[in-house]
Amino acid sequence: MTKIWTKKTQEEIKEIVFDALNKNVDYDKKNILGLPASRLDEKVFNHDVSFLKEAPYMSALSQNPNHIGCHTLGKSEPFFKGTHAIEKELIGICACDILKGNYEEQDGYVASGGTEANIQAIWIYRNYYQNEFSAHHNEIAIVCSEDSHYSIDKAANLLLLDIYKIPVNNDTRDFSNKSVEKTLERAKNDGKKYFIIVCNLMTTMFGSIDDIEKLTNSLEKLSCEFKLHVDGAFGGFYYPFIDENSQLTFQNPAITSFTLDAHKMAQSPYGTGIFLIRKGYIKYANTQASYVEGTDYTLIGSRSGANAIAVWMILAKNGPHGWHEKIFILQKRTDWMCKSLKELGIKYYRNPMSNIIAIRAEYINREIAVKYGLIPNDYLDPKWFKIVIMNHVSIEKLALLVDEIKSTVCNKTELIANRHTKHEASVERHSGRLIYGQINGIFVQ
Ligand SMILES: *Cc1c(COP(=O)(O)O)cnc(C)c1O
């Protein structure tokens, strides 16, 4: 497999980005009269400051290249061809080096986020079924697990498609073959003939990873026509570095497209969702814009080229080995936290290949949740609180949380030992010491 991704020094990165910016249009030196575009307003943003010379990303922001369209195929706007080439290389790194695709066999672009990339995928497959099978939108169904991100519901709503959710086990957050088959049968009974499957490469709340074989086995068993999209908005820059035998790569012929979000685990600026799809499909998103040279196969239209440059710089600076090390450290911290929780007898969910820990809500009181910024699965009726082990989430910080949970759990053990009744437990809640939701459940159990 061709490797595109190599580690680069800051000097090399600067040279490549400035060289690309120089190949873009220069509004000062050339008479460009027809574009509704210019650099950032010079009354507000000073373009001559000396630090810009050392700051390739800031320079890109200030020159403000437009990356409208898709730059992995066909023609693009010639005005920004320098930085379009960087985006093309970034798409290649994500598709080939991270997701094991063959060289130049995928298209893609930097979308506004995971939401747009997911909608783009589902939009393409809907149009594919409509164009190639003369399908009516009533005959097309989206199928995904109940833990899927709500952007899939947005796609269903926008594209007039019905959505069927596969129930998951409350403890393991995975689905059985049977529940996949039941969901597909339910859709078939409603007259659905064409399936758009979304497989989670880490769910937002739990970090769970869908078993793609269960999906494809059931789809084949029931002879379903399907296209499968992997939502790696959370896990796309994490999981491929942990599981060498991942089934969720372009080596798996059942998969046609991926979403990755660089603005989550890759610490890039917002506006850096990444959409990747095998060649031959992105044309189904074509609603020709005649004023854009080439063809716009994207949902978004105008978008900032600085975003693509930021992600490319992050990956180039770390290099593939640096990225492995970064993820390895997060993985070790997550292991440490799980071990600490286990020692306290606290119930949690964690996929061993993820950096999310979802703790059962009964172990977390309101004060702790607020103090440590823990995120509930449902603000009105929380059953779980999650911790996400990011770069800034050090073991020192995790240890403080462990200590606080320890003191509340000790209280709780005493309460159980004292055979607290339900009534007393709820009094406890009103006195403000414990607890979010499910209060009786905890003491009765
Ligand atoms: C965050 C997330 C999304 C949406 O991404 P945005 O960048 O917020 O639009 C979609 N899917 C999953 C699994 C996510 O975690």
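The values are calculated or read from the model by the stated rules, or taken from the named source; none is laboratory data. Because the structure is predicted, anything quoted here is derived from the model rather than measured. When we count neighbours, we look across all protein chains shown, and the Cβ atoms used for this are built from the backbone with ideal geometry, even at glycine.
Restricting attention to region 196-210, does a residue exist that is in contact with a Pro (Cβ under 9 Å, 6 or more places away or on another chain), of a type in the set (S, T, N, Q), within 16 Å of the ligand (Cβ to nearest atom) and assigned by TED's automatic domain parsing to the domain that holds ASP107? No - not one qualifying residue is present in region 196-210.
Residues to consider are GLU87, GLU104; find the one that is within 24 Å of GLY236 (Cα to Cα), in the same structural domain as LYS154 (by TED's automatic domain parsing) and not in a loop (DSSP other than H, G, I, E, B).
Numbers: GLU104 fails: not in a loop (DSSP other than H, G, I, E, B).
Matching residue, one of GLU87, GLU104: GLU87.
Looking only at region 260-284, residues that are in contact with a Leu (Cβ under 8 Å, 6 or more places away or on another chain) and either surrounded by fewer than 23 Cβ atoms within 10 Å (Cβ to Cβ) or assigned to a strand (DSSP E or B) (or both) come to 6 in all.
From the list GLU42, GLU54, GLU105, exactly one residue is more than 20 Å from the chain's Cα centre (by Cα), more than 16 Å from the ligand (Cβ to nearest atom) and free of Cβ contacts under 8 Å to residues at least 24 places away in the same chain. Which is it? First the steps, then the outcome.
Values: GLU54 fails: free of Cβ contacts under 8 Å to residues at least 24 places away in the same chain; GLU105 fails: free of Cβ contacts under 8 Å to residues at least 24 places away in the same chain.
Checking each option against the conditions leaves just GLU42.
Taking region 173-203, which residues are polar (S, T, N, Q) and closer than 22 Å to SER354 by Cα?
Of region 173-203, the ones polar (S, T, N, Q) are 176-177, 179, 183, 189, 200, 203.
Passing the criteria: SER176, ASN200, THR203.
Here's the yes/no breakdown for (1) more than 20 Å from ALA95 (Cβ to Cβ); (2) touching a helix residue (DSSP H, G or I) at 6+ places or on another chain (Cβ under 8 Å):
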| site | (1), (2) |
| --- | --- |
| CYS199 | no, yes |
| THR203 | yes, no |
| SER208 | yes, no |
| ILE212 | no, no |
| PHE237 | no, yes |
| PHE241 | no, yes |
| SER257 | no, yes |
| ALA285 | no, yes |
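Answer yes or no as to whether SER76 is hydroxyl-bearing (Ser, Thr, Tyr), crowded, with 20+ Cβ neighbours inside 10 Å and within 16 Å of the ligand (Cβ to nearest atom). Taking the combined requirement at face value, the residue does not satisfy it.
Residue-wise test of (1) buried (at least 22 other Cβ atoms within 10 Å of the Cβ); (2) part of a helix (DSSP H, G or I).
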position: ILE346; (1), (2): no, no
position: ALA358; (1), (2): yes, no
position: VAL370; (1), (2): no, yes
position: ASP378; (1), (2): no, no
position: LYS386; (1), (2): no, no
position: MET390; (1), (2): no, no
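Of all the numbered requirements in (1) outside any helix (DSSP H, G or I); (2) more than 15 Å from the ligand (Cβ to nearest atom), CYS96 misses one, and that requirement is (1). Within the span defined as region 39-59, every residue fails to be in a loop (DSSP other than H, G, I, E, B), buried (at least 17 other Cβ atoms within 10 Å of the Cβ) and either β-branched (Val, Ile, Thr) or touching a Pro at 6+ places or on another chain (Cβ under 8 Å) (or both).
Residues in region 130-142 that are surrounded by 24 or more Cβ atoms within 10 Å (Cβ to Cβ) and either over 23 Å from THR216 (Cβ atoms) or more than 16 Å from the ligand (Cβ to nearest atom) (or both): ILE140, ALA141. Only residues that are more than 30 Å from TYR284 (Cα to Cα) and out of contact with any helix residue (DSSP H, G or I) (no Cβ under 9 Å at 6 or more places or on another chain) were counted in region 50-79, giving 1.
Confirm whether GLY82 is more than 30 Å from LEU184 (Cβ to Cβ), touching a residue at least 60 places away in the same chain (Cβ under 8 Å), away from the ligand (no atom under 16 Å from the Cβ) and surrounded by fewer than 23 Cβ atoms within 10 Å (Cβ to Cβ).
yes
When each of LYS214, LYS178 is tested for being more than 16 Å from the ligand (Cβ to nearest atom) and either over 24 Å from LEU99 (Cα atoms) or among the small types (Gly, Ala, Ser) (or both), the lone residue that passes is LYS178.
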